[in-house]
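Chemist: Sharing a structure, written as structure tokens. Questions coming.
Each value in this text was obtained by applying a stated rule to the coordinates, not by laboratory testing. Everything quoted here is computed from the prediction, not taken from an experiment. Cβ placement follows ideal geometry from the backbone for every residue including glycine, while neighbour counts extend to all protein chains displayed.
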Amino acid sequence: MTAVSAVIPTRNRPDLVARAVRSATAQTMTDLEIIVVVDGSDPVTEAALAAIAEPRLRVLVNPLPVGGGEARNVGVRAAHGEWIAFLDDDDEWLPAKLEHQLAEIAASAVDQPIAFCPIVVRGPDGDHAWRSRPTRPGEAASEYLFVRSSLRAGEGTVGTSTIVARRSLLMAVPFEPGLGRFQDADWILRAAAAGAVFVYCPRRLSIWTAPGQRASITAAHATDWRQAADWIGRRRGLVTARAYAAFLLVRVAALAAASGDRSAIRVLWREARRAGRPGVLDVVLFGARWIVPDGFRRRLRRRLAGVRLPLGQT
């Protein structure tokens with residue numbers, strides 16, 4: 001059995017997916033197969049992948065587009081590896097990613113791990129190391145993902161391209177087909193409910209291309225705050241009251257403010273109070289979202305974006 005299967009969904013981005021594949025082939029852990037799932041007929045991408053001389057590469061083509069989550073499921077079902085490592089087509093792995101994460105998994109002795117690591121965020125102004133933190137003992141997955149304890153960007157980020165999990169877990173708990181946004185968080189919440197546990201590797205091992213630099217096969221669903229509120233409502237049983245309120249007042253409010261829909265203020269506040277337990281920082285961030293000028297918030301975000309890395313350093 002192959003140790004690890006890398007699963008990369010893609011559509012209409014031949015140059016980017018070729019770069020992602022190269023980052024997978026460069027892994028120091030070589031017992032690896034690379035499965036690219038082309039989500040719908042895409043002759044240009046298929047040709048670009050066919051030109052890569054790599055015996056560990058397998059290319060699957062969906063007859064019709066099924067979306068990012070189900071494309072990952074297609075790759076998982078076809079995989080031969082004990083472990084699945086996801087990689088988005090516009091992201092990259094650093095060479096020792098899988099080696100370090102498998103070592104952390106072995107040291108943890110966790111039966112069903114969701115292994116992840118901090119990321120380097122690549123944007124137009126260079127690379128930033130987001131200051132993510134380890135999980136706390138006994139911390140609910142929903143609180144790690146959604147509850148802010150500081151103003152730092154990336155504090156509870158679990159990027160899809162950092163995740164390593166057993167194939168058996170992903171077969172039992174697949175990605176939700178048809179879900180546009182929050183695919184990774186949705187899967188993590190359901191996997192945690194099935195007994196999976198976070199395993200944190202402290203090294204920065206994955207490069208994430210910041211929004212605005214890409215247009216992924218899931219990005220079209222990124223702006224409707226009502227869809228986001230509906231999603232967390234459907235997953236209410238998988239999140240704590242604290243996490244539910246934080247998601248509404250911070251994440252959903254950000255989408256509403258971006259659309260200029262001030263009717264969301266009362267809706268989100270009432271629901272967070274009714275069915276959640278808002279924290280002080282949630283309330284502060286919620287108020288600031290509607291009161292503080294956009295320009296000031298953008299400048300503050302840049303200052304809190306993470307450690308600026310010298311050119312070429314990750």
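Chemist: Relative to the present Cα-Cα distance, how much length would full extension add between Ser41 and Glu139 at 0.36 nm per residue of separation?
Modeler: Value of the extension gain: 31.0 nm.
Chemist: If the chain between Trp290 and Arg273 were fully stretched, how many nm would it gain, using 0.36 nm times the residue separation less the Cα-Cα distance?
Modeler: My answer for the length gained is 4.3 nm.
Chemist: Of all DSSP beta bridges in the chain, what percent run antiparallel (nearest 5)?
Modeler: The antiparallel fraction comes to roughly 35 percent.
Chemist: Hey, can you rank 1-7, 48-54, 85-91 by average C-beta count inside 10 Å, highest first?
Modeler: Final packing ranking: 85-91, 1-7, 48-54.
Chemist: Further question on the same structure: Rounded to the nearest 10 degrees, what's the angle between the helix 225-234 long axis and the longest principal axis of the chain, both from Cα atoms, 0 to 90?
Modeler: Helix 225-234 sits at roughly 80 degrees to that axis.
Chemist: Between helix 14-25 and the chain, what is the angle of the helix's C-alpha long axis to the longest principal axis, kept within 0 to 90° and rounded to the nearest 10?
Modeler: Tilt of helix 14-25: around 70 degrees.
Chemist: Divide the volume of the convex hull of the Cα atoms of the range 1-159 by its number of residues and quote the answer in cubic angstrom per residue.
Modeler: Cα-based convex hull of the range 1-159, divided per residue, equals 134 Å³.
Chemist: Say the dipole of the chain comes from +1 at the beta carbon of Lys and Arg and -1 at that of Asp and Glu; which of Leu255, Thr157, Ile34 then lies farthest toward its positive end?
Modeler: Of Leu255, Thr157, Ile34, it is Leu255.
Chemist: When the Kirkwood hydrodynamic radius is evaluated over all pairs of different C-alpha atoms of the range 32-100, what value in angstrom, to one decimal, is obtained?
Modeler: For the range 32-100, inverting the mean 1/r across all distinct Cα pairs yields 13.1 Å.
Chemist: What angle, in degrees between 0 and 90 and rounded to the nearest 10, separates the Cα long axis of helix 183-193 from the longest principal axis of the Cα atoms of the chain?
Modeler: Tilt relative to the chain: about 90 degrees.
Chemist: Calculate, in nm to one decimal, what Ala78 and Leu151 gain on full extension: separation in residues at 0.36 nm each, minus their alpha carbon distance.
Modeler: Result: 22.2 nm gained on full extension.
Chemist: Still on this structure, I have one more. What whole number of Å gives the distance from the Cα centroid of the range 261-291 to the Cα centroid of the range 63-82?
Modeler: 37 Å
Chemist: If you don't mind, there's one more thing I want to ask. Could you work out the helix-only [θ] at 222 nm for the chain, with each DSSP H run of four or more residues adding -39,500 (n - 2.57) and the total divided by the number of residues, to the nearest 500 deg cm²/dmol?
Modeler: Only helices count here, giving -11500 deg cm²/dmol.
Chemist: Same structure again: Measure off 7 Å from each Cα along the Cα-to-Cβ vector at Ile265 and Arg22, then give the distance between these two points in nanometres to one decimal.
Modeler: About 5.0 nm separates the two model spin labels.
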